[in-house]
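Take a look at the structure below.
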Amino acid sequence: MTVKRPVSGSLVRAFISIILLSVLSSGTALMTLASSLRDAEAINIAGSLRMQSYRLGYDLERNNPAFSEHRQHWQNTLNSPVLQELDRWYVPESVKTGYQQLAIAWQEMDTHLEAGDKAWYQDHIQHYVERIDTFVLALQHYAEHKMQLVVAMSLAGGMGILLLVFLTMRRIRRQVVAPLNHLVSASLQMEQGNFAIHAQDTDLPNELGLLSRTFNHMSAELHKHYRSLEITVEEKTHHLNEAHQQLEMLFKCSQALNTSQIDAHCFRHILQIVQEYTGMSYLELKASDNWQLCEGKKIEAHETFTLPLIMQETRYGELRWQIENTAVSGPLMTSVATMLGRGLYFNQAQKHYQQLLLMEERATIARELHDSLAQVLSYLRIQLTLLKRAVPEDNLPAQTIISDFSRELNNAWRQLRELLTTFRLTLNHSNLPAALQEALDGLQNQTSARLSLDCRLSSLALDAQKQVHLLQIVREAVLNAIKHAQATEITVSCVTAPDGEHTVYVRDNGIGIGDASEPAGHYGLNIMRERAGRLGGTLGFSQPQNGGTQVCIRFRTPEPVDGK
């Protein structure tokens, strides 16, 4: 970008023009005044010619001896240098003509004076004096004209200088002061944050025009950068708000897991928190043991996103979701999935720990029974055998009593062994389907019937103690089927109804249970009913139409306690 007409050049030209006009007007006036210095002398000399002409007439009349001297003086006066200088190009023609006519007339007058022609001189002296007066008047007008010219030139020079000064000031105001004021005003508005302002006078060919164009370019760049910074700040603020909400959501999810017992209600609370913060239309947690929790309504036409729930390289399930309008952060859902996977891991760890505690407690009870009651019963059986040998066989009443006592003692011993077997039950899995399968695998060695399992009940539906009760009920029902049903196939199935009710079925294709009452000396069915009651459910027996026996255990997952 170049400057066509710099301000400094314009000012220099204006000042030079003012100086030149001042010098020209002043110089012309001075030259005119200088040429007028001898105008008075010329007028005086010309005026003296009139007196000298009268004196020559008087000398001629009186025959004055100084006549020749006066005539020569007249000639010298007429040829004086000041009158000779009138023959210049700038002297008016009237002055030059008058002087030339005087010189010509003087030659004629001088001839008659030399001849002593008094009469002719007296007749023409008046006319010659009039010519002298005319010449003097012309000189006077010439001097006055030069004064008027000096005044006119001075006035014209002054007016020209004033006009140049006015035009220069006007140009400076239009091309310097006004653009500077506009730039100052634009700068003040820019200082207040208005970067959309544009400076005027961009079409000026001087530095101010270049400055205005540069200012506009600068303001446009600043406006662009300012908008870019505003957008960046808005984006960062939006991201920070999102990050804050995400952290708040993750904190609440973490708080939901920060309980003494991690169960299904904790996971449902987490799903509700995630749905509330993200606005998801559907959210589903599906565990690896076919158990799931859902929030919202699934729409088949919408895309479903899935993340695995992995903890320590073990897959515990999947997290699925649908969202309609906005996209959700991938890292956020990954964090949620990680948190849910950790929750499932700790749930199983807690349950396994509780099971270990229960097993340890039951093993302790079994040892106590074995070391106390079992020893006593063994001692009584030995003593009863010795007593039977000591009593004669022909003593029928005594032998009858001994036989009844032996039968009941054997029943007590059998019941004790069953209790010891029950108390010594071990669990190597906190996962309900795996624990059930492990229990059935242990019982498969005791029968030729085929044992099968179809478990769609999650271990999250039960805590460790209730899971042990359910395992004991199932184990007892399968053992009864093995011992009494003469079945070839025994099936265990676990399902959850849409209303949240859990049902466990133990079916066999044997001879049927007949009367479901407990025989004398047996307590297995009563214990199963007590365990079902501890589950908060019921135990039922039925005979399907196609034969066999069906044991049904129904129960519900208890609602969470307020403030948990």
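Residues in region 267-285 that are part of a helix (DSSP H, G or I) and either open to solvent by less than 10 Å² (accessible area, probe 1.4 Å) or of a type in the set (A, V, I, L, M) (or both): how many?
5
Of the residues Gln122, Gln101, Gln148, only one is open to solvent by 20 Å² or more (accessible area, probe 1.4 Å) and either closer than 18 Å to Ser48 by Cα or part of a loop (DSSP other than H, G, I, E, B) (or both); which?
Testing whether each residue is open to solvent by 20 Å² or more (accessible area, probe 1.4 Å) and either closer than 18 Å to Ser48 by Cα or part of a loop (DSSP other than H, G, I, E, B) (or both) leaves just Gln101.
Among the numbered criteria (1) open to solvent by less than 50 Å² (accessible area, probe 1.4 Å); (2) assigned to a helix (DSSP H, G or I), which one does Leu211 miss?
Condition (1) is where Leu211 drops out.
Report yes if Tyr277 is over 30 Å from Thr557 (Cβ atoms), of a type in the set (Ser, Thr, Tyr) and within 25 Å of the chain's Cα centre (by Cα), otherwise no.
no
Which ones in region 8-25 are surrounded by fewer than 14 Cβ atoms within 10 Å (Cβ to Cβ) and of a type in the set (Gly, Ala, Ser)?
Passing the criteria: Ser8, Gly9.
Could you list, in sequence order, the residues of region 526-555 that are more than 15 Å from Ile513 (Cβ to Cβ), touching a residue at least 12 places away in the same chain (Cβ under 8 Å) and part of a helix (DSSP H, G or I)?
Matches in region 526-555: Ile527, Arg531, Ala532, Arg534.
Checking Arg88 against (1) closer than 19 Å to Tyr142 by Cα; (2) among the basic types (Lys, Arg); (3) surrounded by 15 or more Cβ atoms within 10 Å (Cβ to Cβ): exactly one of these is not met. Which one?
Failed condition: (3).
Is it fair to say Leu188 is without any contact (Cβ under 8 Å) to a residue 60 or more places away in the chain, part of a helix (DSSP H, G or I), surrounded by fewer than 15 Cβ atoms within 10 Å (Cβ to Cβ) and within 47 Å of the chain's Cα centre (by Cα)?
When the stated conditions are applied, Leu188 passes them.
The values are calculated or read from the model by the stated rules, or taken from the named source; none is laboratory data. No experiment lies behind these values; they were computed from the predicted model shown. Reconstructed Cβ throughout: ideal geometry from the backbone, glycine too, with neighbour counts over all protein chains shown. When the accessible area is computed, the model is the full protein with side chains, heavy atoms only, and any ligands, DNA or RNA have been set aside. Shrake-Rupley method; radii C 1.70, N 1.55, O 1.52, S 1.80 Å.
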